[in-house]
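Structure first, then comments.
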């Protein structure tokens, strides 16, 4: 006898009518938020644990109305939010959710694609290929680069270094691993002292070990010294180590310094090392013709990463990994169990073959919409504007007594500090500038971060939010000067 289900017993989703009603409410809420982001403090004022203490200890037994759930956006969630969409957000690197990107996320969530194989979403697989080809070609990168979207630059760099390890099949790491193999030399990865910490994390995750990430000294502009790279490689070979890869940076996190990629590529070619270029923040500047000078030599890289979710107005998360060697990336990760075998697997690209992650989101859709909604000209205009703001701010800082710019300003980040007459001790200067930063951030109007350039503690202002106008930059500068006077007087 065939079992049947009475419709009255069916338990399903909320109705489409309810979705439409609540979506309309939420759309109005988002529009209001985007129109008036400055009504909020940039940095949340909550203390650690305070947000969690406001939440019930257990999930509800009975369903709650969605009206009540939406009401908790303002009552519960917003006090604990640091507003990355705020035009006064100048910390770290900007991460703007643009309108086309937000709308794209809505569709991504509704379609809920799981890109395991080509057949699990042909649109996902092929739109990703086309969208990344658009971005690659508009940026002037080599036409034979293979691209794929990951979540963050940390994962992109991890996959690149895994491919570097696989590039020499004689190491047999994929099948035999690293442990218990005395015949296998230590594998070394080189980067500058200014390179991102994701390189160390990748080395830890891949079993290379943080000790085998060799951080090299930089020159006066905070760029990797190629002579130091050559010396380190020679010393490691003499010690029996195996130089594996170099990670060069175009646009370092602290100061947006640009490593001499072309000269580094010469060393990599001579020493048979993989060259990965981290341009997570700055890579989008390749869209701007006058900024392509920063990218001299990147066409020789074996892999390259840029994050559209940083400075291309695409909502988190969206990182792009390009490589000249897709066959090596595929050899690193491809694994097809019987239940994933398909008749088209030899002719259709499945991105799971190129990553340790099996499923993937439909991230290409939101990037596609951003590229179309702004166009290349619109994106270039916005990037130019941010760089112009940074240059203008740097000029004003340099022209103001007791303030100094601490690194070259070639993009949209300014590193600077206040140095009162007679204050020379490094520890005292650090405390003084940290106090300035705390006072400015406590205002709620702007949010800046700091970094270290060599021994110097410096303030750092990154301009890249889609909604930032010059008045927001000027207000931050006014607050900084006021905080400096207060700190110096105390």
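Out of 374, 362, 356, one residue alone is farther than 21 Å from residue 467 by Cα, crowded, with 16+ Cβ neighbours inside 10 Å and within 23 Å of the chain's Cα centre (by Cα). It is 362.
Within segment 85-126, restricting attention to residues that are without any contact (Cβ under 8 Å) to a residue 24 or more places away in the chain and part of a loop (DSSP other than H, G, I, E, B), the residue that is farthest from residue 344 (Cα to Cα) is 112.
Take residue 146 and decide whether it is at negative phi, surrounded by 19 or more Cβ atoms within 10 Å (Cβ to Cβ) and touching a helix residue (DSSP H, G or I) at 6+ places or on another chain (Cβ under 7 Å). Reasoning before the result, please.
On the way: at negative phi: yes; surrounded by 19 or more Cβ atoms within 10 Å (Cβ to Cβ): yes; touching a helix residue (DSSP H, G or I) at 6+ places or on another chain (Cβ under 7 Å): yes.
Yes, satisfied.
Scanning for something in the same structural domain as residue 284 (by TED's automatic domain parsing) and closer than 24 Å to residue 409 by Cβ, does segment 227-244 turn up at least one residue? Among the residues of segment 227-244, not one is in the same structural domain as residue 284 (by TED's automatic domain parsing) and closer than 24 Å to residue 409 by Cβ, which makes the answer no.
Looking across segment 414-445 at every residue that is more than 27 Å from residue 39 (Cβ to Cβ) and part of a strand (DSSP E or B), the one that is farthest from the chain's Cα centre (by Cα) is identified as 418. Could you list, in sequence order, all residues of segment 251-304 that are out of contact with any strand residue (DSSP E or B) (no Cβ under 6 Å at 6 or more places or on another chain), more than 21 Å from residue 156 (Cα to Cα) and either modelled with pLDDT under 95 or not in a loop (DSSP other than H, G, I, E, B) (or both)? Correct list: 262, 263, 266, 267, 269, 270, 289, 290, 291, 292, 293. The listed residues are 386, 432, 418, and the only one of them that is crowded, with 16+ Cβ neighbours inside 10 Å and out of contact with any strand residue (DSSP E or B) (no Cβ under 8 Å at 6 or more places or on another chain) turns out to be 386. Residues that are in a helix (DSSP H, G or I) and either touching a strand residue (DSSP E or B) at 6+ places or on another chain (Cβ under 7 Å) or closer than 18 Å to residue 281 by Cβ (or both) within segment 203-236 comprise 203, 212, 228, 229, 232, 233, 236, listed in sequence order. Contact map, segment 131-159: first residue assigned by TED's automatic domain parsing to the domain that holds residue 379 and modelled with pLDDT of 95 or more, second residue surrounded by fewer than 18 Cβ atoms within 10 Å (Cβ to Cβ) and in a strand (DSSP E or B), Cβ cut-off under 9 Å, separation 6 or more or different chains; the map is empty.
Within the set 394, 348, the sole residue that is assigned by TED's automatic domain parsing to the domain that holds residue 475 and surrounded by fewer than 22 Cβ atoms within 10 Å (Cβ to Cβ) turns out to be 394.
Applying the selection to segment 323-348, what residues are in contact (Cβ under 8 Å) with a residue 60 or more places away in the chain, more than 25 Å from residue 275 (Cα to Cα) and part of a loop (DSSP other than H, G, I, E, B)?
Residues of segment 323-348 in contact (Cβ under 8 Å) with a residue 60 or more places away in the chain: 323-326, 328-329, 331-333, 340, 342, 344-345, 348.
Then drop every residue that is not more than 25 Å from residue 275 (Cα to Cα), which leaves 340, 342, 344-345, 348.
Selection gives 342, 344, 345, 348.
Identify all residues within segment 237-247 that are assigned to a loop (DSSP other than H, G, I, E, B) and either without any contact (Cβ under 8 Å) to a residue 12 or more places away in the chain or crowded, with 21+ Cβ neighbours inside 10 Å (or both); write none if there are none. Lay out the reasoning, then the answer.
Initial filter on segment 237-247 (assigned to a loop (DSSP other than H, G, I, E, B)): 239-241.
Correct list: 239 only.
Of all residues in segment 11-50, those being under 14 Å from residue 74 (Cβ atoms) and part of a helix (DSSP H, G or I) number 8.
Considering each of 183, 126, 172 in turn, give the residue that is in the same structural domain as residue 292 (by TED's automatic domain parsing), on the phi > 0 side of the Ramachandran plot and surrounded by fewer than 20 Cβ atoms within 10 Å (Cβ to Cβ). Reasoning before the result, please.
Numbers: 183 fails: on the phi > 0 side of the Ramachandran plot; 126 fails: on the phi > 0 side of the Ramachandran plot.
Matching residue, one of 183, 126, 172: 172.
Residues that are out of contact with any strand residue (DSSP E or B) (no Cβ under 8 Å at 6 or more places or on another chain) and assigned to a loop (DSSP other than H, G, I, E, B) occur at least once in segment 361-377. Using the structure shown, decide if residue 411 is touching a helix residue (DSSP H, G or I) at 6+ places or on another chain (Cβ under 9 Å), within 30 Å of residue 315 (Cβ to Cβ), part of a strand (DSSP E or B) and touching a residue at least 60 places away in the same chain (Cβ under 8 Å). No, not satisfied. Which one of these is over 21 Å from residue 39 (Cα atoms), touching a residue at least 12 places away in the same chain (Cβ under 8 Å) and not in a helix (DSSP H, G or I): 460, 467? Of 460, 467, the one residue that is over 21 Å from residue 39 (Cα atoms), touching a residue at least 12 places away in the same chain (Cβ under 8 Å) and not in a helix (DSSP H, G or I) is 460. Quick check, is residue 68 within 24 Å of the chain's Cα centre (by Cα), surrounded by fewer than 12 Cβ atoms within 10 Å (Cβ to Cβ) and not in a loop (DSSP other than H, G, I, E, B)? No: the conditions fail for residue 68.
The values are calculated or read from the model by the stated rules, or taken from the named source; none is laboratory data. What you are looking at is a predicted structure, and each value in this text was computed from that prediction instead of being measured. Because the Cβ atoms are built from the backbone with ideal geometry, glycine has one as well, and the counts that use them run over all protein chains shown.
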